[in-house]
1. Is it true that Asp473 is surrounded by fewer than 17 Cβ atoms within 10 Å (Cβ to Cβ) and without any contact (Cβ under 8 Å) to a residue 12 or more places away in the chain?
2. Starting from residues that are charged (D, E, K, R) and either in contact with a Cys (Cβ under 7 Å, 6 or more places away or on another chain) or not in a helix (DSSP H, G or I) (or both), keep the ones in region 309-333 and report whichever is nearest to Pro44 (Cα to Cα).
3. Among what's in region 423-435 and is among the aliphatic types (A, V, I, L, M) and either assigned to a loop (DSSP other than H, G, I, E, B) or within 22 Å of the chain's Cα centre (by Cα) (or both), pick the residue that is surrounded by the fewest Cβ atoms within 10 Å (Cβ to Cβ).
4. Which residues, counting only those in region 171-183, are over 13 Å from Phe119 (Cβ atoms) and in contact with a Pro (Cβ under 8 Å, 6 or more places away or on another chain)?
5. When the residues of region 250-294 are filtered to those that are β-branched (Val, Ile, Thr) and in contact with a strand residue (DSSP E or B) (Cβ under 8 Å, 6 or more places away or on another chain), which remaining residue is nearest to Ile183 (Cα to Cα)?
6. Residue by residue through region 461-508, note down the ones that are in a loop (DSSP other than H, G, I, E, B), in contact with an Asp or Glu (Cβ under 9 Å, 6 or more places away or on another chain) and not basic (Lys, Arg).
7. Taking Ala88 as the residue in question, decide whether it is small (Gly, Ala, Ser), in contact with a strand residue (DSSP E or B) (Cβ under 9 Å, 6 or more places away or on another chain) and outside any loop (DSSP other than H, G, I, E, B).
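Laboratory data are not the source of any read-out in this text; all were calculated from the coordinates shown. Everything numeric in this text was worked out from a predicted model, so none of it was measured. All Cβ positions, glycine included, derive from the backbone under ideal geometry; neighbour counts span all protein chains shown.
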Amino acid sequence: MKQKQPLATDSIRYEIHAADPAAHLFEISLELDLPHAGMRFVLPAWIPGSYMIREFARNIVWITAECDGTPVSLEKADKHTWVLGKVAAGTKRLRLRYAVYSWDLSVRCAHLDESHGFFNGTQVFLRVEGQESLPHRVRIHKPTHAGAAHWTVATSLREMAGKGGAKRRGFGWYEAADYDELIDHPVEMGALTWLHFDVRGVRHEMAINGRHDCDTERLARDLQKACEAHCALFGDRKPPFDRYVFLTTVVGEGYGGLEHRASTALLASRDDLPFVGMKDATEAYRGFLGLCSHEYFHAWNVKRIKPARFVPYDLQQENYTRLLWVFEGFTSYYDDLALVRAGLIDATTYLGMLARTVGAVQRGAGRLLQSVAESSFDAWVKYYRQDENAPNAIVSYYAKGSLVALALDLAIREKSAGKRSLDDVMRLMWARYKAGQAIAEDAITALFLEATGVDVSRLIRSGAEGREDLPLDRLLRPFGVKLAMKAESALPVIGAKAGAEGESLKLTQVFKDGPAHAAGLSAGDLVIAIDGLRVKAGGLDKVLARRAVGQRVRVTGFRRDELFEVELELAAAPATQASLEIDPRASKKADALRAAWFKPAAVRG
């Protein structure tokens, strides 16, 4: 039986249909009461947590408007804005209808086919300008195509009470207090596998879409421990939401996550999930737990503790801040640290994961040209729009930001004899900013001093604004941890990253000041021969294995359709592979500092 739509003069109502899964089209209707000429309807240009203008409105295929059943004009004012035309006096109701092409299998947009449907509100819900603070309701219709009979719905949106309101995991009406809340709860629908666990009395769920052989009992058990570790850090009696949902899509190869206030959207490879009978956690599974941990930590750090530049979000243009190294970098530090604190990995494994981050940062010459504060500010045009020159020009505020967090944590712990740490800074930030205030661009240094009593202003300044390498070796020594750097390969190198184009070897990146750079090679060049002998894709290492550092070789290739030949001098591989090991001769004091670092966070007075 068709449900009657609830009437409300003080709400914005949406209905969303999986109208044509084969064509990947969601159809949406938007209704409101007492419309007037000149009303503006705007689709966001970006989604919080992913700092790039994505122009979601380009996916609207068609749009129409009618008032009390009569078509009315709707004029497009700019790339993401529509303006309502003349409206007859006494008009009671406006209805917009539009279709959104949804074929982006990522955590940022929307995706629809016969196997599942997923959407973020920023992709599908037009904003009614000036009425964002009204309650917003959405009816999610059950698809009618074959195969959808057993579909359920995963979302952290509240089910609307009363007739027509959705049941938990069901289709029907959901509601949000305002537009910002509406678009902060993504939706997954399909033949989902569910698992659940409680953390401090709050229900947590994961819905898995896609074929898999996951050991759901183990995953629930491990996730519970990781989530508890984060709750312990912030010291609250319960987490800052009534329910939390992990929306997980598994594919052959994929990776990604996007945080929301009471949920996260995840994309993972099916091999990342644990399987029944698996004894030790695989590297892939540890990576998935780290991803879940990262997005869960964001429920505090960036969803509620925010930079002032994000309050409120302006969803139509870039929102610039120099503090993403705090919000993403610190989160990237705590994601894996929570795993060791939760007992899901041991200290040796954690140090190995940390060493890979050190090596990844060290491999990029861009770290010497761009600070993490600059990287944060330029995320919109650089980090999220990387090209073949990215390693030479930019630094990751995620990776290096996590190392800045590590450096600050170690420095505070060592200077305070283990009495204070970065945990204390996070707790102060949470206590001060959870009520809706936000962190000013220049407030970080004072927060550190207030929370810990330790002056790390110089390290904050050099770590955030500086372009030099962090003194990690010196900072790790008091903890009985040794940092060593070595070459990643014993083979000589050409100073470039190679891929394939058909059977040909193609240079994808040329590293600054390396042999390929000095010889004039560029990304995109096809290398067809070295010293007169053909080189195929995947065959470079065989050639290099028969040569020595300092040897000169002739490289023949094509740039576009023009043949060229250059001479190149092979170099030794740079020392960019890091290792972190516990010193067996470390002092008892160092052992105690290290043990406290890896212990579950404890609230101090």
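1. Values: surrounded by fewer than 17 Cβ atoms within 10 Å (Cβ to Cβ): yes; without any contact (Cβ under 8 Å) to a residue 12 or more places away in the chain: yes.
Against the criterion (surrounded by fewer than 17 Cβ atoms within 10 Å (Cβ to Cβ) and without any contact (Cβ under 8 Å) to a residue 12 or more places away in the chain), Asp473 qualifies.
2. Initially, region 309-333 is screened for residues charged (D, E, K, R), giving 309, 314, 318, 322, 328.
So of that shortlist, the ones also either in contact with a Cys (Cβ under 7 Å, 6 or more places away or on another chain) or not in a helix (DSSP H, G or I) (or both) come out as 314, 318, 322.
On the way: Asp314: 9, Glu318: 11, Arg322: 22 Å.
Residue satisfying both the conditions and the ranking: Asp314.
3. Quick first cut of region 423-435, residues among the aliphatic types (A, V, I, L, M) only: 425-426, 428-429, 431, 435.
In the following step, the residues that additionally are either assigned to a loop (DSSP other than H, G, I, E, B) or within 22 Å of the chain's Cα centre (by Cα) (or both) were identified as 426, 429, 435.
Values: Met426: 24, Met429: 23, Ala435: 7.
Only one residue fits best here, namely Ala435.
4. Step one: filter region 171-183 for residues over 13 Å from Phe119 (Cβ atoms), giving 171-173, 175-181.
Matches in region 171-183: Trp173, Glu175, Ala176, Ala177, Asp178, Asp180.
5. Kept after step one, since they are β-branched (Val, Ile, Thr), are these residues of region 250-294: 250-251, 264, 276, 282.
Applying the additional criterion that residues be in contact with a strand residue (DSSP E or B) (Cβ under 8 Å, 6 or more places away or on another chain) yields 250-251, 264.
Values: Val250: 23, Val251: 25, Thr264: 13 Å.
By that ranking, first place goes to Thr264.
6. So the first thing to find is which residues in region 461-508 are in a loop (DSSP other than H, G, I, E, B), and the list is 466-471, 480, 487-491, 494-495, 502-503.
Imposing the further condition that a residue be in contact with an Asp or Glu (Cβ under 9 Å, 6 or more places away or on another chain) reduces the set to 467, 480, 489, 491, 495.
Passing the criteria: Gly480, Ser489, Leu491, Gly495.
7. Working: small (Gly, Ala, Ser): yes; in contact with a strand residue (DSSP E or B) (Cβ under 9 Å, 6 or more places away or on another chain): yes; outside any loop (DSSP other than H, G, I, E, B): no.
Criteria not met by Ala88.
Conditions (1) more than 30 Å from Gln551 (Cα to Cα); (2) touching a helix residue (DSSP H, G or I) at 6+ places or on another chain (Cβ under 7 Å), marked per residue:
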residue: Thr445; (1), (2): yes, yes
residue: Gly453; (1), (2): yes, no
residue: Arg461; (1), (2): yes, no
residue: Glu465; (1), (2): yes, yes
residue: Leu470; (1), (2): yes, yes
residue: Leu476; (1), (2): yes, yes
residue: Gly480; (1), (2): yes, yes
residue: Lys486; (1), (2): no, no
residue: Ser489; (1), (2): no, no
